[in-house]
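**Q** Okay, handing you the structure first.
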Amino acid sequence: MSLLPLEEIPGPLPVSTAGPDATPTAPAPVPFRLPRLPSAARLATRILTLLPLLLIAVWAAVDWRAMYDGTARLASADPWWLLAAFFFTCLGWGTAALVRQGAVPERLPTGLLIASQFAAGAANHALPASIGAHAVTLRFLQGRGIPLARATASLALYSLVRPIAKTIVLIAFLIAFPEMLRSGQLVPRGWSLVLAFGGLGVAFGTAGLLLAVVPPLRRPVLRCFRTALTDVRQLHTMPSRILALWGGAAAAPVLQATVIFSVGASLGMPLSWPQVVLAFLAASTAVGAVPAPGGIGPVDAATVFTMVAFGAPMDLATASVIGYRVLTVWVPLLPGALMLSALVHRKVL
């Protein structure tokens with residue numbers, strides 16, 4: 001008789017299925033797994049989040065002299081006039097959002113629209129011909145459920161309305177202030193006119209040649225053109241969209257010129273507000289088509305030239321334009337890049 005407490009055994013012992021001569025098997029080794037790599041979408045989001053800050057660093061290294069000179073000039077300027085210039089700069093972002101809203105029939109969320117245009121300003125100053133701003137706006141419109149063809153058509157309408165409205169405002173200023181027109185100094189002559197019309201001819205000729213030679217390009221362009229015509233007809237039956245589109249496009253260059261005037265007034269520049277507005281309108285209309293980032297460079301030089309033609313000292317005109325660029329480019333550039341990164345991170349863009 002065994003003295004072991006067999007009744008306390010919880011259950012039957014496991015039965016081995018191996019034979020008596022089987023050798024004990026070692027436990028299966030745990031397979032080695034590589035650390036999980038982020039997906040392509042997540043990696044692309046991280047790169048896009050950091051890309052605006054990288055562009056700022058590169059631009060600051062290239063254009064640091066202009067930033068330093070403009071900041072040094074603004075340090076001795078009248079702070080109240082600079083505050084007014086900053087106020088008109090902020091109104092410019094709202095005006096850009098107003099024009100974007102006027103280019104689409106759908107109602108866009110106001111807060112996100114203004115935030116996207118603030119972020120688009122940072123992208124616009126990093127790439128030429130407004131490519132950066134258009135890319136940000138295109139992603140924003142697609143995120144709001146607008147199809148690609150209609151979003152692209154709204155960008156085309158936006159790009160078409162702005163120069164037309166600027167030209168109308170320029171003609172209105174010339175009619176209202178005819179005594180300020182100095183045709184011998186401000187109207188281009190000779191080779192300047194040849195280059196201007198030659199550039200337009202080359203642009204239209206290249207576009208027509210591409211459509212004729214590349215058949216796969218013809219169909220999407222024609223589809224976008226038909227969509228644009230449909231949206232234009234629909235938009236111009238809505239008074240609120242007409243006012244937003246054309247009113248905002250007409251107010252945008254006037255606000256930009258008012259920023260230059262406020263900066264110039266803070267430095268003691270003797271020009272009046274109509275003179276500065278007319279100088280900026282003439283300069284941006286003449287060389288605004290040059291594909292420079294945010295119009296920096298050609299528009300600046302032409303604006304300084306026209307203000308000097310109206311009687312402003314060269315140093316004050318140059319300092320006013322540099323101060324204008326500091327307020328409209330350098331001051332909002334880092335916040336705009338951070339806003340762009342935040343919108344990309346939250347998948348608004």
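The values are calculated or read from the model by the stated rules, or taken from the named source; none is laboratory data. It should be emphasised that the depicted structure is a prediction, and the values quoted were computed from it without experimental measurement. As a convention, Cβ positions derive from the backbone with ideal geometry for all residues, glycine included, and neighbour counts pool all protein chains shown. Note: areas computed on protein heavy atoms with side chains; ligands, DNA, RNA excluded. Shrake-Rupley method; radii C 1.70, N 1.55, O 1.52, S 1.80 Å.
**Q** Which one of Thr303, Thr258 is at pLDDT 80 or above, open to solvent by less than 10 Å² (accessible area, probe 1.4 Å), within 24 Å of Leu333 (Cα to Cα) and among the β-branched types (Val, Ile, Thr)? Working first, answer last.
**A** Details: Thr258 fails: open to solvent by less than 10 Å² (accessible area, probe 1.4 Å).
None of the other options fit; the residue is Thr303.
**Q** Out of (1) aliphatic (A, V, I, L, M); (2) open to solvent by less than 40 Å² (accessible area, probe 1.4 Å); (3) assigned to a helix (DSSP H, G or I), what's the single condition that is false for Leu112?
**A** (2)
**Q** Residues that are open to solvent by 80 Å² or more (accessible area, probe 1.4 Å), within 27 Å of Thr303 (Cβ to Cβ) and modelled with pLDDT under 80: which helices (runs of 4 or more DSSP H) entirely in region 157-237 hold 3 or more of them? Talk me through it step by step, then tell me what you get.
**A** Values: elements: 183-186, 191-213, 215-235.
Result: 191-213.
**Q** Answer yes or no: is there a residue in region 265-274 that is of a type in the set (S, T, N, Q), surrounded by 19 or more Cβ atoms within 10 Å (Cβ to Cβ), part of a helix (DSSP H, G or I) and modelled with pLDDT under 90.
**A** Step one: list which residues in region 265-274 are of a type in the set (S, T, N, Q), which gives 266, 272.
Of the ones still in play, those that are also surrounded by 19 or more Cβ atoms within 10 Å (Cβ to Cβ) are 266.
So of that shortlist, the ones also part of a helix (DSSP H, G or I) come out as 266.
If we keep only those that are modelled with pLDDT under 90 too, we end up with none.
Looking through region 265-274, none of the residues is of a type in the set (S, T, N, Q), surrounded by 19 or more Cβ atoms within 10 Å (Cβ to Cβ), part of a helix (DSSP H, G or I) and modelled with pLDDT under 90.
**Q** A further question on this structure: Are there any pairs with C-beta distances below 8 angstrom linking a residue in region 75-92 that is more than 19 Å from Gly336 (Cβ to Cβ) and in a helix (DSSP H, G or I) to a residue that is open to solvent by less than 90 Å² (accessible area, probe 1.4 Å) and among the aliphatic types (A, V, I, L, M), with the two at least 6 apart or on different chains, and if so which?
**A** From region 75-92, the pairs are Trp81/Val263; Trp81/Ala265; Leu82/Leu74; Leu82/Val263; Leu82/Leu327.
**Q** Here's a check for you: in region 323-349, which residue that is in a helix (DSSP H, G or I) and open to solvent by 50 Å² or more (accessible area, probe 1.4 Å) is farthest from Gly111 (Cα to Cα)? Break it down stepwise before answering.
**A** If we filter region 323-349 for residues that are in a helix (DSSP H, G or I), which is where we start, we get 323-345.
With the extra rule that they be open to solvent by 50 Å² or more (accessible area, probe 1.4 Å), the set shrinks to 331, 334-335, 338-339, 345.
On the way: Val331: 21, Leu334: 19, Pro335: 16, Leu338: 16, Met339: 12, His345: 17 Å.
That would be Val331.
**Q** So which residues in region 316-349 are closer than 19 Å to Thr258 by Cα and free of Cβ contacts under 8 Å to residues at least 24 places away in the same chain, if there are any at all? Give the derivation first.
**A** Keep residues of region 316-349 that are closer than 19 Å to Thr258 by Cα, which gives 316-332.
Scanning region 316-349 gives a single hit, Thr318.
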